[in-house]
Structure formats: C-alpha cells, structure tokens
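Got a structure for you, questions after.
The values are calculated or read from the model by the stated rules, or taken from the named source; none is laboratory data. Keep in mind it's a predicted model, so treat the numbers as computed, not measured. Backbone-built Cβ (ideal geometry, glycine too); neighbour counts: all protein chains shown.
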Amino acid sequence: MSDRARAIAQQAIPQARQAGTTAVHGVRHGVEGARGWAAPRMHDAAEAITASVAPKVSSALHSAAKSVEPAAPAKTGIRRLLDWRVLLGVGAAVVAAGAAAAMAMRQRYETATTAAKDAAENVADKTGEVADKVSDKAEEVSRRPDVNGRVPHTAHK
C-alpha cells in the first residue's frame, strides 16, 4: 500500500506545481487589472480635489496614481516591427530604391536613344554614299554607246 501511495503522490506533485503556477499567474493578472482600474479613478479624484481642496493633496494623489499605474507592456514581435519609426525608415528605403531604379532606367533610355540616332545618321550617310555611287554609275552607263555605236540623246546633256 505504501508504494501505491508514493506513486500517487509523485503523480500529484507536478500537478500541484502546475496549479500553483497557474494561481500565481491568475493573481498577477488580477492585480494588474485592479491597478489598471484604480489608476484612472485616482487621477479623476485628483482633478476633482484640485478644484475644491489644496493643490498639495491633488499632487499627492497624482503621485500615488502614477505609482499604482501598471507598466506599459514592452513591444515584442510584430508590434516592434510596426513601430512608426521602422515603417518610416522602410518607406524611405523603398523610395530611395525606386528613385535609383528610375534614374538608371532614364540613363539607359538616353543611351539607347543616342545610339539609335547615331546608327540612323550612319545609315543615312552610307545611303547617301551608295546613292551617289549608283548615280555616277548610271551616268557612266548612259554615256556608253549603244550596240550600234550611237550615243543616246540623254548622254549629250
């Protein structure tokens, strides 16, 4: 019987510890809730007393209310990431990256446009040279005598 009692006690110990931890958390949560409820009412009382009683009492109540107020929870995880300063920094980085990309694209466009204009001018120059050569060749051919030895009328001009 003693062994069985010991085994049951060993099973009960972790459960008792769990219950104690849960109770402590519950009490802490209740105290925080009570402090959160009491602090605004103490501030209101201090405001009401300011109008009717001495300012020293009012300042004492304000001091007491500040000491009773629960501490603001620390920002963790996603709340820290969503801080306005972080969002502002990320936004500035995105804007800077976009501006850099736009400037790079504009530079590429200008370079491509200049290259295309130069290529078009080179083609026009070469086309003019070819046209001159064709014109010269046509004139030369037109001055040659025909098979029968006669020179055509267009050659006399």
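Name, by its number, the condition in (1) at pLDDT below 75; (2) surrounded by 11 or more Cβ atoms within 10 Å (Cβ to Cβ) that does not hold for Pro40.
(1)
Residue under question is Val90, and the condition is that it be among the hydrophobic types (A, V, I, L, M, F, W, C), within 28 Å of the chain's Cα centre (by Cα), over 30 Å from Ala39 (Cβ atoms) and part of a helix (DSSP H, G or I); does it hold? Walk me through how you get there before you give the answer.
On the way: among the hydrophobic types (A, V, I, L, M, F, W, C): yes; within 28 Å of the chain's Cα centre (by Cα): yes; over 30 Å from Ala39 (Cβ atoms): yes; part of a helix (DSSP H, G or I): yes.
When the stated conditions are applied, Val90 passes them.
Have a look at Gly128, Gly98 and point out the one that is modelled with pLDDT of 70 or more and in a helix (DSSP H, G or I). Walk me through it before giving the result.
Numbers: Gly128 fails: modelled with pLDDT of 70 or more.
One residue alone meets the criteria, Gly98.
Of the residues Arg6, Arg35, which single one is within 48 Å of the chain's Cα centre (by Cα), of a type in the set (Lys, Arg) and part of a helix (DSSP H, G or I)?
Values: Arg6 fails: within 48 Å of the chain's Cα centre (by Cα).
Answer to the check: Arg35.
If a residue must be over 19 Å from Trp37 (Cα atoms) and at pLDDT below 75, how many such residues does the stretch 59-81 contain?
Keep residues of the stretch 59-81 that are over 19 Å from Trp37 (Cα atoms), which gives 59, 74-81.
Now restrict to residues that are at pLDDT below 75: 74-81.
Qualifying residue count for the region: 8.
List the number of the failed condition for Val86; all other conditions in (1) loosely packed, with under 11 Cβ neighbours inside 10 Å; (2) at pLDDT 75 or above hold.
If we test Val86 against (1) loosely packed, with under 11 Cβ neighbours inside 10 Å; (2) at pLDDT 75 or above, just (1) comes out false.
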